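Participant: Here it is, the structure in full.
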């Protein structure tokens, strides 16, 4: 069952505070967090979180199309180690 | 995409797939493709086995959930198809298309030494992957453990493939502390 709309999106308060502080300071910090359950809010766009997957903190640069998803969705707990072949990375 | 010891990618060769078994009686084989688009296993011309002794032209018949069904030149019956089971298929690194300035193949980055922006060598790239929020690079640190870096210009200001080095500018880390959260929650209640 979906979460009731009147409650608003869930975000751990401590994460929200850290994110606000980071946004105001304008520094390029990585906010390391265990809060995989927190929803990505519009004010998180542009920030970098390190989201714990049980083993390590995966760096996540929040973009607009991630808003509404949970942080945990971008930090998989079961890693499939595939092969490289012709896969390419674009440095942004 | 991790570099495995067995399928290590030297500078000249890139493993694009592996023959997983025979398919049918006419000599077709099943191929597990390692390319971004599975059908591209045949896009870079003839492939060879690891030692380079065998050479095959691939004709992809169809793709399904389990991989590709394809015909290999010189493999004309089921016995021959069984004989090539487990063969890794390699192409020359030169066959891969040229990339733009800020594009890099995963296979080129894996294994490169990583330097801190202050010049200190910190480790070697062990993995590059994308979990849906941008590409990340895992570095195996010299003093044990691993560290992950986002593949952005701020964090990775320099990638020099010719001189085989990557320079990273690690961002400051701050912790959103769980302990504080519990206290705050209790206060609110």
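The values are calculated or read from the model by the stated rules, or taken from the named source; none is laboratory data. Not measured: the values here are computed from a predicted model. Using ideal geometry, Cβ is built from the backbone for each residue, glycine included, and neighbour counts are taken over all protein chains shown.
Each row is one residue, and each column tells you yes or no for (1) crowded, with 17+ Cβ neighbours inside 10 Å; (2) in contact (Cβ under 8 Å) with a residue 40 or more places away in the chain; (3) within 30 Å of residue A:92 (Cα to Cα).
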site	(1), (2), (3)
B:41	yes, yes, yes
B:49	no, yes, no
B:76	no, yes, no
B:96	yes, yes, yes
B:108	yes, yes, yes
B:116	no, yes, yes
B:120	no, no, yes
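Participant: Starting from the stretch B:122-139, keep only residues that are over 18 Å from residue A:51 (Cα atoms) and more than 8 Å from chain A (Cβ to nearest Cβ), then list their pairs with residues that are in a strand (DSSP E or B) and modelled with pLDDT under 85 whose Cβ atoms are within a distance under 9 Å, requiring at least 6 positions of separation or different chains.
Facilitator: Taking only residues 6 or more apart or on different chains, the pairs are B:126/B:2.
Participant: Is it true that some residue in the stretch A:37-54 is over 9 Å from the mean Cα position of the chain (by Cα) and at the interface with chain B (Cβ under 8 Å from one of its Cβ atoms)?
Facilitator: Kept after step one, since they are over 9 Å from the mean Cα position of the chain (by Cα), are these residues of the stretch A:37-54: A:37, A:41-43, A:45-46, A:52-54.
So of that shortlist, the ones also at the interface with chain B (Cβ under 8 Å from one of its Cβ atoms) come out as none.
No: zero hits.
Participant: Which one of these does residue A:23 not meet: (1) within 11 Å of another protein chain (Cβ to nearest Cβ); (2) touching a residue at least 24 places away in the same chain (Cβ under 8 Å); (3) outside any loop (DSSP other than H, G, I, E, B)?
Facilitator: Unmet condition: (1).
Participant: Can you name the residue in the stretch B:22-36 that is within 12 Å of chain A (Cβ to nearest Cβ) and in a strand (DSSP E or B) and, of all such residues, is farthest from residue A:87 (Cα to Cα)? I'd like the intermediate steps shown before the answer.
Facilitator: If we filter the stretch B:22-36 for residues that are within 12 Å of chain A (Cβ to nearest Cβ), which is where we start, we get B:32-36.
With the extra rule that they be in a strand (DSSP E or B), the set shrinks to B:32-33.
Working: B:32: 15, B:33: 12 Å.
Here the answer is B:32.
Participant: Would you say residue B:106 is modelled with pLDDT under 90 and touching a helix residue (DSSP H, G or I) at 6+ places or on another chain (Cβ under 8 Å)?
Facilitator: Spelling it out, it is not the case that residue B:106 is modelled with pLDDT under 90 and touching a helix residue (DSSP H, G or I) at 6+ places or on another chain (Cβ under 8 Å).
Participant: Considering (1) within 9 Å of chain B (Cβ to nearest Cβ); (2) in contact with a strand residue (DSSP E or B) (Cβ under 9 Å, 6 or more places away or on another chain); (3) outside any loop (DSSP other than H, G, I, E, B), say which one residue A:17 fails and leave the rest.
Facilitator: Exception for residue A:17: condition (2).
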